[in-house]
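**Q** Once you've had a glance at the structure underneath, I'll fire off some questions.
The values are calculated or read from the model by the stated rules, or taken from the named source; none is laboratory data. Nothing here was measured: the structure is a model prediction, and the numbers come from that model. No Cβ is skipped: glycine too gets one built from the backbone with ideal geometry, and neighbour counts run over all protein chains shown. Remember, those area values only see protein heavy atoms, side chains included, never the ligands or the DNA or RNA. Shrake-Rupley method; radii C 1.70, N 1.55, O 1.52, S 1.80 Å.
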Amino acid sequence: MKFLIAILFCLAASHILAFDQSLYDNFEKVGGNPISLDQLNCFLENNQDKTFRSGLKIKKERYVTIHDLTKKGNEYRFFIIDLETQVVRAYPSAHGSGRGKVKNNKIKALFFSNKLGTDLTPTGFFITGPVYKNWKKKWRYGIKLFGLQEGENENAYDRGIVIHAAKNRKGSYVENDMISSEDKILEIEKLSMLSGMSDGCSAVPPLYWESIRDMIKEGTLFFVFNDDYLNKGSSYCVKL
């Protein structure tokens, strides 16, 4: 009986242990903002075992992703966090361009939306879905996204908001680069970094697309963090 209790205690504590100071150090080493990690941690603590709308669940707990759009396009801002090894990888990325009178620029995403036809990136928490083919696009394959927050991102799936390689007819529109917390020397911002925009999707370096896909597809937590979330601070927690 004591052995069983010990096992249950370890399982319950495993998530808490994953978010220790070492993980925060690695996250900040590659340019991550600890406020975004605090909010993601709190979301997991309060929602990890829940079943969301349409039967959605967090099926894979090893990898979590933060797309930090408080950062500029010439910074590494797409963070994949390995909770098992505590290695954090960071990539450049593209954000939604917008259209009409509401448009972003390549430097920084200022506008976000949940509405169809806006070409703007939605914010908040998502669960990744399966990989699908889109032969009309140069990037061909994408990871579907299911928004978990009504009024903020639940239209992501219907809008075709996905994660895909930043690739068009002219080639890559995001720098093919990556840094890791395992690297000894890091440059977390490059003034000359290539940065483009998407139709609202989170687009990543084509060179690393396959490895990114394999880490975060089919049931991992994905968080698009922006200035609104930043201003709410470390204590802010989304409880669904």
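**Q** Going through the range 106-134 one residue at a time, which ones are charged (D, E, K, R) and touching a residue at least 40 places away in the same chain (Cβ under 8 Å)?
**A** LYS106, LYS115, ASP119
**Q** Moving on. Pick from the range 88-117 the residues that are of a type in the set (A, V, I, L, M), modelled with pLDDT of 95 or more and not in a strand (DSSP E or B): which of them is least open to solvent (accessible area, probe 1.4 Å)? Working first, answer last.
**A** Taking the range 88-117 first, the residues of a type in the set (A, V, I, L, M) are 88, 90, 94, 102, 107, 109-110, 116.
Going one step further and asking which of them are modelled with pLDDT of 95 or more, we end up with 88, 90, 94, 102, 109-110, 116.
Restricting the remaining residues to those that are not in a strand (DSSP E or B) gives 109-110, 116.
Numbers: ALA109: 2, LEU110: 107, LEU116: 111 Å².
Only one residue tops the list, namely ALA109.
**Q** Okay, next question. I need every pair where a residue in the range 92-105 that is closer than 22 Å to PRO206 by Cα and in contact (Cβ under 8 Å) with a residue 40 or more places away in the chain has its Cβ under 7 Å from the Cβ of a residue that is open to solvent by 60 Å² or more (accessible area, probe 1.4 Å) and among the basic types (Lys, Arg), sequence separation at least 6 or different chains.
**A** Partner pairs satisfying both residue conditions: SER97/LYS103.
**Q** Quick one: what pairs do we get from the range 64-83, first residue open to solvent by 10 Å² or more (accessible area, probe 1.4 Å), second in a strand (DSSP E or B) and not hydrophobic (A, V, I, L, M, F, W, C), C-beta under 6 Å, 6+ apart or different chains?
**A** What qualifies is ASN74/SER195; GLU75/GLU189.
**Q** Can you list residue pairs whose Cβ atoms sit under 7 Å apart, with the first residue in the range 48-61 being polar (S, T, N, Q) and the second being in a loop (DSSP other than H, G, I, E, B) and open to solvent by 80 Å² or more (accessible area, probe 1.4 Å)? Count only pairs 6 or more apart in sequence or on different chains.
**A** Partner pairs satisfying both residue conditions: THR51/LYS57.
**Q** Right, here's the next one. What pairs come out if I take residues in the range 215-237 that are touching a residue at least 24 places away in the same chain (Cβ under 8 Å) and under 24 Å from HIS164 (Cβ atoms) and pair them with residues that are part of a loop (DSSP other than H, G, I, E, B) and open to solvent by less than 10 Å² (accessible area, probe 1.4 Å) whose C-beta lies under 8 Å away, six or more apart or interchain?
**A** Cβ pairs passing all conditions: VAL224/LEU69; VAL224/THR121; VAL224/PRO122; VAL224/ASN153; PHE225/LEU69; ASN226/LEU69; ASN226/ALA109.
**Q** Report whether or not LEU194 is on the phi < 0 side of the Ramachandran plot, open to solvent by 70 Å² or more (accessible area, probe 1.4 Å) and in contact with a strand residue (DSSP E or B) (Cβ under 8 Å, 6 or more places away or on another chain). Please lay out each step first, then the result.
**A** Values: on the phi < 0 side of the Ramachandran plot: yes; open to solvent by 70 Å² or more (accessible area, probe 1.4 Å): yes; in contact with a strand residue (DSSP E or B) (Cβ under 8 Å, 6 or more places away or on another chain): yes.
So LEU194 passes the test.
**Q** Within the range 118-130, does at least one residue satisfy the condition of being charged (D, E, K, R), modelled with pLDDT of 95 or more and buried (at least 16 other Cβ atoms within 10 Å of the Cβ)? Explain how you work it out, then say what you get.
**A** Applying the first criterion (charged (D, E, K, R)) to the range 118-130 yields 119.
The next check asks that each one be modelled with pLDDT of 95 or more; those that pass are 119.
From what's left, buried (at least 16 other Cβ atoms within 10 Å of the Cβ): 119.
Yes, the conditions are met somewhere in the range 118-130.
**Q** Just to check your reading of the model, which residue among GLU152, GLU182, GLU210 is outside any strand (DSSP E or B), open to solvent by 40 Å² or more (accessible area, probe 1.4 Å) and in contact with a Gly (Cβ under 9 Å, 6 or more places away or on another chain)? Steps first, please.
**A** Working: GLU182 fails: in contact with a Gly (Cβ under 9 Å, 6 or more places away or on another chain); GLU210 fails: in contact with a Gly (Cβ under 9 Å, 6 or more places away or on another chain).
Matching residue, one of GLU152, GLU182, GLU210: GLU152.
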